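Asks: Have a look at the structure that comes next, please.
Bear in mind that the values in this text are calculations on the coordinates, not laboratory data. A quick note: this is a predicted structure, and the numbers were derived from the prediction, not measured. Ideal geometry is used to build each Cβ from the backbone, glycine not excepted, and the neighbour counts take in all protein chains shown.
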Amino acid sequence: MEQAVILEKVKEALRYNEKAYDAVREGFRRGMSEKDVKALITSACGNIVFTGDFVGGARSGEVEGEATDYILQDGDTLILDLQFQHEGVWTDTTRTFFIGMPDEEVREVYDMVCRAKKAGEAALKE
C-alpha cells in the first residue's frame, strides 16, 4: 500500500479520536461513570471499530482497564487511551481529564509530565 494512502487512512482514524475526545469534553456531566463516558464516545463515533482503556479515580494509577460502573468524583483523574481502526489502520492516543479541580500533588505530577513532553519534543527537533 502506498504511503500516501496509509497516511490518509491514519488521518481519517485520527478524526475519530478527535470526535471521541470532543464528545467527552462537551458531554461529560457530574455523576457519570466510566461506562457512561464510553457510551458518549460510542454515540459520537458510530460504528467505527475502537477499543481502549477507561480508568478513573484510584484506578487511573493502573493505567489500563475496561470501563466500569465507577462514578467519577470531583478531584478524580480520568485516563482515556483510545485506539480507532479505519480500513485496517489503527491509531492510538491517550488523554488525561480532570474531574473538577485536581489536588496539588496531581497538578505537580501533571506539570512535570508536560515539561518532560516539551523537552522531548524540543530534543526531537534538534
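Asks: What ³J(HN,Hα) values, in whole Hz, does the Karplus curve 6.51 cos²θ - 1.76 cosθ + 1.60 give for region 26-39 when θ = phi - 60°, with x put for Gly and Pro?
Replies: Residue by residue, region 26-39 yields 8, x, 5, 9, 4, x, 7, 9, 4, 5, 5, 5, 4, 5 Hz.
Asks: In the neighborhood of Gly100, defined by Cβ-to-Cβ distances under 9 Å, what is the net charge if each Lys or Arg adds +1 and each Asp or Glu adds -1?
Replies: Cβ neighbours under 9 Å give a net charge of -1.
Asks: Okay, helix-only estimate at 222 nm for the chain: each DSSP H run of n ≥ 4 adds -39500 (n - 2.57), divide by all residues, round to 500 deg cm²/dmol; what do you get?
Replies: -16000 deg cm²/dmol
Asks: May I ask you to list the lysines whose Cα is less than 26 Å away from that of Lys38, ignoring any residue fewer than eight positions away on the same chain?
Replies: Lys9, Lys11, Lys19
Asks: While we're on this one: Give the peptides 65-75, 30-40 in descending order of average Cβ contacts within 10 Å, highest first.
Replies: Highest mean packing first, the order is 30-40, 65-75.
Asks: Treating only the Cα positions of region 77-126 as identical point scatterers, give the base-10 log of I(q)/I(0) from the Debye formula at each q in 0.18, 0.24, 0.31 Å⁻¹.
Replies: Once normalised to I(0) and log-transformed, intensities are -0.78, -0.94, -1.07.
Asks: Taking θ as phi - 60°, what are the ³J(HN,Hα) couplings along region 52-59 by the Karplus curve (6.51, -1.76, 1.60), each to the nearest whole Hz, with x for Gly and Pro?
Replies: x, 10, 10, 10, x, x, 4, 6
Asks: Additional query: Please list the equivalent ellipsoid semi-axes of the chain, computed as the square roots of five times the alpha-carbon gyration tensor eigenvalues, in descending order and whole angstrom.
Replies: 26, 22, 11
Asks: What are the extents of the Cα atoms of region 14-70 along their three principal axes, listed from largest to smallest and rounded to whole Å?
Replies: Sorted from largest, the Cα extents of region 14-70 read 30, 22, 15 Å.
Asks: So which aspartates and glutamates can Lys118 reach, going by Cα to Cα under 17 Å and dropping same-chain residues fewer than 8 places off?
Replies: Within the straight-line limit of under 17 Å, Lys118 reaches these aspartates and glutamates: Glu108, Glu126.
Asks: Quick one: Karplus J couplings for region 82-98, per residue in order, coefficients 6.51, -1.76, 1.60, θ = phi - 60°, nearest Hz, x for Gly and Pro?
Replies: 10, 10, 10, 10, 10, 6, x, 10, 10, 10, 9, 10, 10, 9, 10, 10, 10
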